[in-house]
Amino acid sequence: MRLGPREAFHWLASFGLRMLFRGAFLLLALATVAMALFVLQEEKQRSYANYRKDFLKSKEQVLAKLRHPTGQLALLNAPTRARALTPLHPVLLPYASIDFDDQNKVRNVVEMTGCMVRYRRNGAVCVAIGSNPWAGGFIYVAGTFASAPLAAHTVGDAQLDTAHRIRVSVSMRGDTTRWIAPFEPIDDAGARRVSGLRGRLTGFEDSGGDFTHARPVRDFRGWIWQDANCVAPSQDAAGCARLSFFSIRLPVAVLRDALFTKQKPEWPPHDLADIQVRVEALGPESATPLLDSNDSDAVAPFSLDELPPLLQPGQSLVIARADAPTQELVRLAGPEVSAEESWSLLRQLIRRLPVDDGNTALAAEDEVTTAVGGYVVRLSGDVRSANRTLSVVATRLVWFVAAMLVAIALTWLVLEIGIIRRIALLTRRASDLSRSARASGGLEQFDLAQVRGRDELGILARALNDLLRRVKEDAERERIRAGQERDMWHAVGHEIMSPLQSLMVLHGKEDDPASRYIHRMQQAVRVLYGSASPSEAFETSTLQVEALDIDAFLAHVAGNAHCIGIADVGYAPLGQPVMVRGDEYSLEDVVTHILRNADRHRSAGTPITLALELTEHAARIRIHNIGPRIPESMLDTIFEYGVSGKDDGGSEESRGQGLFVARTYMAKMSGTIVAQNDGDGVSFVLTLLRA
């Protein structure tokens, strides 16, 4: 059918609200996605710019750290950084030597280089060698410990354990040397009150025996200084713990001899990392060290392994000696961003977002000069590493975008299913009903002018105008019909009941077979009498449920089936009473309706069989006939009122009433009825509760 311009405009206008509604939600979802992509692209551009800026910052921080004495110490001892912390190994200092006689200079060296290994109870030890071999083959030991006021050693004592002392052992190249150095004060009462105790550490070879005639080691030098202030100000000043700082130069003959065996000495020694040093500070009359450098709770000083936090993800730091730039001494990488924290799809999306600068590779190189040579420091990075960091952040934020989209989708879905879909469906059906109503003619018009229009609501308004008129007419006709039907049932019931009363007088004997059927007719009339419709009558009827011997009942029904024109009905009695709960006449109506239905649909010459199956709480009656099967889609609907077979000839069941009555009566007796397709026919199964 071709539409003119006016009709086409009206047809398009009928979709106006739906198109506007769906278009608005679609634009809202697209705007949310576009906003998220725009923000993501801007963040990528900003991340790239920040990465380049932070790359230069990382370079300056790394170089500043390495050029500091702490960093130079880490560079000089980079090959040994993987060694165990204890026992201690000498580190190579960025200084030629240490002026071990001057407390301030020694403190300055160990604190600037950060070579101190920290222990509990204010303990610390630094074991080092100088960078200049010509300063002598010495090992320097400096450290701190906390103790009570230092007890002095008296010259000439046979034992040294009456004083505070430092015990040092050095193991290298298969040889171990031990020294023990007791504290010998320098008398200076004025300085003692101001700056605390000061004295020498006179070194003896530790043989563990009598030191009466022992001579000090000539090249062993040591000093110790104890603060005048308590470590804890709240303690008693007389015996409180004070911090002591000591400085020792150990003469190692093996190192000194190695300096003069060749024209150019090897320095630092090739086995520097294999030298083991142990330092212990002992109190008077005590074998428990105040400080033991072999304690497992030692805290390592700064090393190159602490540089990665200065790097960004994707950056790598390579350090090599200037005289061998291709041989990597150290390779460090920035922290890795866990791939599990971001989505692969999101990373690919971020990677494809365009940015202004396409140069992604970054590189920087510089040199750090130390006392024993230069070191080349190379820093490289990839701007694209910022994508992974950005993807981790975006993965957390994408849930908010997804939640917005889900909220939009759910809102649209709820409105679409709950409102728009129903409106569209009502619009189509109302339009069809309106056309049919106008075709059949109508009466007065209802005033719906306020909601009329060319959209969906306008169509609904016009449809309601026609439908309300037809509903009013149908309701009036239904009321008249119901009244006429009720009057008819009153009349029929009144005219039938009188002859039935006369028949009951003529056939009132118990052994008269006609008496049973007259009782059933009376019950049927009482059920239908005064009701507006048959279905209402059956549903509102009241049955007299009592104990019933179902075995004898079935035997009686099968034996008298020929009396109602149903031949060849067989039942094998159980021979014992089986009591169930039911109404005898109503149950006989149920069985009779099913037998008539089976008789109409069974194959010619085949029997109808009745069987009784018993369980603990129920009895099942199976009525089986051989014949055509019931379509699967009709197994439940055949029990509805008005559903009948097409081949029924004008009988009662042709109105679809028999099986409806059967199901209604079974329900009132607390039983059930179902239809089943068997291999050769159909079975109806009735279930009753046992009494």
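The values are calculated or read from the model by the stated rules, or taken from the named source; none is laboratory data. All values derive from a computational prediction rather than experimental measurement. Don't worry about glycine lacking a Cβ; one is built from the backbone with ideal geometry, like all the others, and counts go over all protein chains shown.
Exactly one condition in (1) touching a residue at least 60 places away in the same chain (Cβ under 8 Å); (2) over 30 Å from residue 151 (Cα atoms) is false for residue 343; which is it?
(1)
Out of 383, 377, 398, I need the residue that is of a type in the set (Val, Ile, Thr) and farther than 23 Å from residue 61 by Cβ. Which one?
Just a single option satisfies the conditions, and that option is 398.
Quickly run through region 70-91 and pick out the residues that are touching an Asp or Glu at 6+ places or on another chain (Cβ under 9 Å) and part of a helix (DSSP H, G or I).
Result: 74, single match.
Starting from region 293-310, take each residue that is closer than 21 Å to residue 93 by Cα and list its partners that are part of a loop (DSSP other than H, G, I, E, B) and among the hydroxyl-bearing types (Ser, Thr, Tyr), counting only C-beta distances under 7 angstrom and pairs at least six apart or across chains.
Hits for this filter: 293/86; 298/86; 298/119.
Take residue 589 and decide whether it is closer than 17 Å to residue 683 by Cβ, acidic (Asp, Glu), in the same structural domain as residue 620 (by TED's automatic domain parsing) and not in a loop (DSSP other than H, G, I, E, B).
When the stated conditions are applied, residue 589 does not pass them.
Just checking, how many residues over region 54-110 are closer than 19 Å to residue 334 by Cβ and touching a residue at least 12 places away in the same chain (Cβ under 8 Å)?
Result for region 54-110: 14.
Can you tell me which condition residue 270 does not meet? The list is (1) touching a residue at least 60 places away in the same chain (Cβ under 8 Å); (2) within 17 Å of residue 173 (Cα to Cα), and all the others hold.
Result: residue 270 passes all but (1).
Hey, does region 210-227 have a residue that's touching a helix residue (DSSP H, G or I) at 6+ places or on another chain (Cβ under 6 Å), assigned to a strand (DSSP E or B) and more than 30 Å from residue 381 (Cα to Cα)? Full working, then the answer.
Kept after step one, since they are touching a helix residue (DSSP H, G or I) at 6+ places or on another chain (Cβ under 6 Å), are these residues of region 210-227: 225.
If we keep only those that are assigned to a strand (DSSP E or B) as well, we get 225.
So of that shortlist, the ones also more than 30 Å from residue 381 (Cα to Cα) come out as 225.
Yes, some residue in region 210-227 is touching a helix residue (DSSP H, G or I) at 6+ places or on another chain (Cβ under 6 Å), assigned to a strand (DSSP E or B) and more than 30 Å from residue 381 (Cα to Cα).
Are there any strands (runs of 3 or more DSSP E) wholly within region 131-208 with 3 or more residues that are hydrophobic (A, V, I, L, M, F, W, C) and at pLDDT 90 or above, and if so which?
Result: 138-147, 165-172, 175-185.
Does residue 45 qualify as being surrounded by fewer than 16 Cβ atoms within 10 Å (Cβ to Cβ), in contact with a Leu (Cβ under 8 Å, 6 or more places away or on another chain) and not basic (Lys, Arg)?
no
Go through region 622-659 and give me each residue that's part of a helix (DSSP H, G or I) and modelled with pLDDT of 85 or more.
Within region 622-659, 632, 633, 634, 637, 638, 639, 659 qualify.
I'd like the residue in region 274-329 that is surrounded by 15 or more Cβ atoms within 10 Å (Cβ to Cβ), over 50 Å from the mean Cα position of the chain (by Cα) and of a type in the set (Gly, Ala, Ser) and, out of all such residues, is nearest to residue 224 (Cα to Cα).
281
Quick one: which residue in 604, 598 is in contact (Cβ under 8 Å) with a residue 12 or more places away in the chain and among the aliphatic types (A, V, I, L, M)?
None of the others qualify; the one that does is 598.
Of the numbered conditions (1) loosely packed, with under 13 Cβ neighbours inside 10 Å; (2) at pLDDT below 75; (3) within 27 Å of the chain's Cα centre (by Cα), residue 358 satisfies every one except a single condition; which is it?
Only one criterion in (1) loosely packed, with under 13 Cβ neighbours inside 10 Å; (2) at pLDDT below 75; (3) within 27 Å of the chain's Cα centre (by Cα) is unmet by residue 358, namely (3).
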